[in-house]
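Participant: Take this structure first; my questions come after.
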Amino acid sequence: MKTINPGATIGIIGGGQLGKMSAEAAKKLGYNTHIFCPKDGEPATLVSDKKTIAEYNDLSALEKFSNDVDVISFEFENIPAKSVEFLERTNIVRPSWKVLEISQNRVKEKTFIKNIGIKVAPFYEIKNENDLENAVNDIDAQKAILKTTELGYDGKGQITLDKNSDTKEIWKKINTNEAILEEFVPFDAEISVIIARNTNGEKSSFPPARNIHKNGILDISIAPADIDALIQRNAISIAEKIADSLDLNGLMAVEFFVVGDELYVNEIAPRPHNSGHWTMDGCQTSQFEQFIRAVCGIPFGETKIIANKITMKNLIGEDVNNIEKMNKENARVHLYGKKEVKSGRKMGHINYVE
């Protein structure tokens, strides 16, 4: 494994808050960062040493960007895998474009996870109205969720339906040529594990957090998760198996449904994740620092919780304007520097440390 030493420049594709907090963690470890994104003024561009403002498929801009950095990673999945493959021809990219390609397509992701022997909700690939009608007739569950296979996050690009739904109207509404229908899992809880892995196969996991969603968007994460210790250990074991099977070099979040004593993987995300924000004030090493350590090939930091309980509260849309009411004595406020407040937009988060 090639080690990227402090003083080097890390290229990060994407300009959002995850890139911002990763760039800040990199600076503390002695690295420079160069952000590549289509729009200036995004959170990560406010703190990076350099920035390239260009479309993600601009090969000329990507080539110049690659020539200026020592290693490349990405902070979200909605970028062309072909662009990342292009960068990997001439530079080190961690995680690889193949990991990105799997994770950004829900059918490929679910198929991959199922094929390595890990439980997922029953799913159907949907390419037209007939596929949807047949799948709805076939499902065992009372409810199912139709999702676009790519793009879509925080509840976007998703429609809940049942056996009595008008599949013709729903197919028109989803407005795509490729979708996935997932049977609804009657879960007892939702949890997630953040895991880092390097090219030597060394792994480091954070304790699982329990997640509570509102309107399809993560609202609160609580660590440590208030669930059975055996389930927590099993979740970490499953996350490790996925990381090894992907040959991950970087950081990944694995989201689970807890059903009794069983675990179903919902999604994976090969980059820092909203449900890991609690680590910024709850662990000696944050997920962002661990991400940089994994990408650069330097030793992992300690991941034990350093408080009794951490509750992460997302600041969604207008929440940020009510911050004074939420800024209690035990609060650690993290704002992303977004200029415009929009409904459903993540403006920041607060970690309550107990």
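The values are calculated or read from the model by the stated rules, or taken from the named source; none is laboratory data. Note that this is a predicted model, so its numbers are computed, not measured. Methodologically, a virtual Cβ is constructed for each residue, glycine included, from the backbone with ideal geometry; neighbour enumeration extends over all protein chains shown.
Participant: Scan the range 17-41 for residues that are buried (at least 19 other Cβ atoms within 10 Å of the Cβ) and farther than 19 Å from I298 by Cα and report the count.
Facilitator: Going through the range 17-41 one residue at a time, the tally reaches 8.
Yes or no, residue by residue, for (1) more than 17 Å from the chain's Cα centre (by Cα); (2) over 20 Å from V99 (Cβ atoms); (3) hydroxyl-bearing (S, T, Y):
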| position | (1), (2), (3) |
| --- | --- |
| I242 | no, no, no |
| E255 | no, no, no |
| W278 | no, yes, no |
| F291 | no, no, no |
| E302 | yes, yes, no |
| E324 | yes, yes, no |
| K338 | yes, yes, no |
| H349 | no, yes, no |
| V353 | yes, yes, no |
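Participant: May I ask you to list the residues in the range 236-270 that are within 18 Å of K110 (Cβ to Cβ) and either in a helix (DSSP H, G or I) or of a type in the set (S, T, N, Q) (or both)?
Facilitator: I238, A239, K241, I242, A243, S245, L246, N266 - these are the residues of the range 236-270 that are within 18 Å of K110 (Cβ to Cβ) and either in a helix (DSSP H, G or I) or of a type in the set (S, T, N, Q) (or both).
Participant: Out of (1) surrounded by fewer than 21 Cβ atoms within 10 Å (Cβ to Cβ); (2) of a type in the set (S, T, Y); (3) touching a Lys or Arg at 6+ places or on another chain (Cβ under 9 Å), what's the single condition that is false for T90?
Facilitator: Unmet condition: (3).
Participant: Still on this model: Just for strands (runs of 3 or more DSSP E) wholly inside the range 153-214: which have at least 2 residues that are closer than 27 Å to D261 by Cα and among the hydrophobic types (A, V, I, L, M, F, W, C)? Break it down stepwise before answering.
Facilitator: Numbers: elements: 158-162, 179-183, 189-197, 203-205, 209-214.
Those strands (runs of 3 or more DSSP E) span 179-183, 189-197, 209-214.
Participant: Could I ask something else about it? Only residues that are out of contact with any Lys or Arg (no Cβ under 9 Å at 6 or more places or on another chain) and at pLDDT below 90: list them for the range 173-186, please.
Facilitator: N175, T176 - these are the residues of the range 173-186 that are out of contact with any Lys or Arg (no Cβ under 9 Å at 6 or more places or on another chain) and at pLDDT below 90.
Participant: Pairs under 7 Å by beta carbon, first residue farther than 13 Å from E182 by Cβ in the range 111-128, partner modelled with pLDDT under 95 and of a type in the set (S, T, N, Q), six or more apart or different chains?
Facilitator: Filtered contacts from the range 111-128: K127/N177.
Participant: Of the residues I268, I217, which is within 16 Å of the chain's Cα centre (by Cα), more than 25 Å from K28 (Cβ to Cβ) and at pLDDT below 95?
Facilitator: I217
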